[in-house]
Amino acid sequence: MRAVPHQVRERWTDGIQALPIAAPVTGRRLSFTVEAIEASVPAARHEVAAQLTMWGLPRGSDLVDTALLAVSELVTNSVQHAADTSPTADVAVGMDGEHLMVAVHDRHPRLPQPVDVPHLDGSGGWGLRLVEAMTAQAGGKTSAPPDADGLGKTVTVHLPLPVLRPTAACSPVAPPSAESPPWP
């Protein structure tokens, strides 16, 4: 029997936090868990791409490309650096009328640190720096707060949504809500 690289478990929040990942109480949200194996990187990217398309964000746009790069790099970091203590990673994507958020949570206590020089063995080292640079270029921000118990962290990318014009009476992009708290 072949192992399934990931399980998708949608959790729509109604003010109850399903994962230790910050997201708006209102708006759109998808979260799922992946195994900390290499096959989970493209699987997570595929799930997020499909969800963003369902929410009406155009494939190939700078926003979607940046979000998908972030998912790929953050899941890769969990697989490469946290798998020994965190056999799974939680992936979340959320959108309100103003922001798109991508987050990856694992239970490894070491906080990620961008490096100035890639690893000499060719194993990488630029991923987090690239995510931070692309996020900043888009006018967004990244954060990596530790869990309250210090035994894990959530790396989060916040990207501002461009001003979108509704194309129909029932736009797939939720309008801003006065009830939505600001994203951390």
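Some notes on this structure:
- Applying the set (1) open to solvent by less than 60 Å² (accessible area, probe 1.4 Å); (2) among the hydroxyl-bearing types (S, T, Y); (3) modelled with pLDDT under 95 to T66 leaves exactly one unmet item: (3).
- A search for C-beta distances below 6 Å between a residue of segment 66-77 that is touching a residue at least 24 places away in the same chain (Cβ under 8 Å) and any residue that is among the charged types (D, E, K, R) and surrounded by fewer than 24 Cβ atoms within 10 Å (Cβ to Cβ), counting only pairs 6+ apart in sequence or on different chains, returns V71/R45; S72/R45.
- Selection within segment 136-166: residues that are open to solvent by 60 Å² or more (accessible area, probe 1.4 Å) and hydrophobic (A, V, I, L, M, F, W, C). The member of this set that is modelled with the lowest pLDDT is L164.
- Of the residues R59, R28, the single one that is in contact with a strand residue (DSSP E or B) (Cβ under 8 Å, 6 or more places away or on another chain) and either under 22 Å from P162 (Cα atoms) or open to solvent by less than 10 Å² (accessible area, probe 1.4 Å) (or both) is R28.
- Among (1) closer than 21 Å to A148 by Cβ; (2) out of contact with any helix residue (DSSP H, G or I) (no Cβ under 6 Å at 6 or more places or on another chain); (3) of a type in the set (D, E, K, R), the one test that D84 misses: (1)
- The single condition among (1) at pLDDT 95 or above; (2) touching a Leu at 6+ places or on another chain (Cβ under 9 Å); (3) of a type outside the set (A, V, I, L, M, F, W, C) that G97 does not satisfy is (1).
- Residues that are in a loop (DSSP other than H, G, I, E, B) and closer than 19 Å to G152 by Cβ are absent from segment 94-102 altogether.
- Number of residues in segment 78-126 that are within 14 Å of the chain's Cα centre (by Cα) and open to solvent by less than 30 Å² (accessible area, probe 1.4 Å) equals 15.
- Scanning segment 31-56 for residues that are among the hydrophobic types (A, V, I, L, M, F, W, C), surrounded by 14 or more Cβ atoms within 10 Å (Cβ to Cβ) and touching a residue at least 24 places away in the same chain (Cβ under 8 Å) returns F32, V34, A36, I37, A39, V41, A43, A44, V48, L52, W55.
The values are calculated or read from the model by the stated rules, or taken from the named source; none is laboratory data. The structure presented is a predicted model; accordingly, all values stated were derived computationally and were not measured. No Cβ is skipped: glycine too gets one built from the backbone with ideal geometry, and neighbour counts run over all protein chains shown. Ligands, DNA and RNA are excluded from the accessible area calculation, which covers all protein heavy atoms including side chains. Shrake-Rupley method; radii C 1.70, N 1.55, O 1.52, S 1.80 Å.
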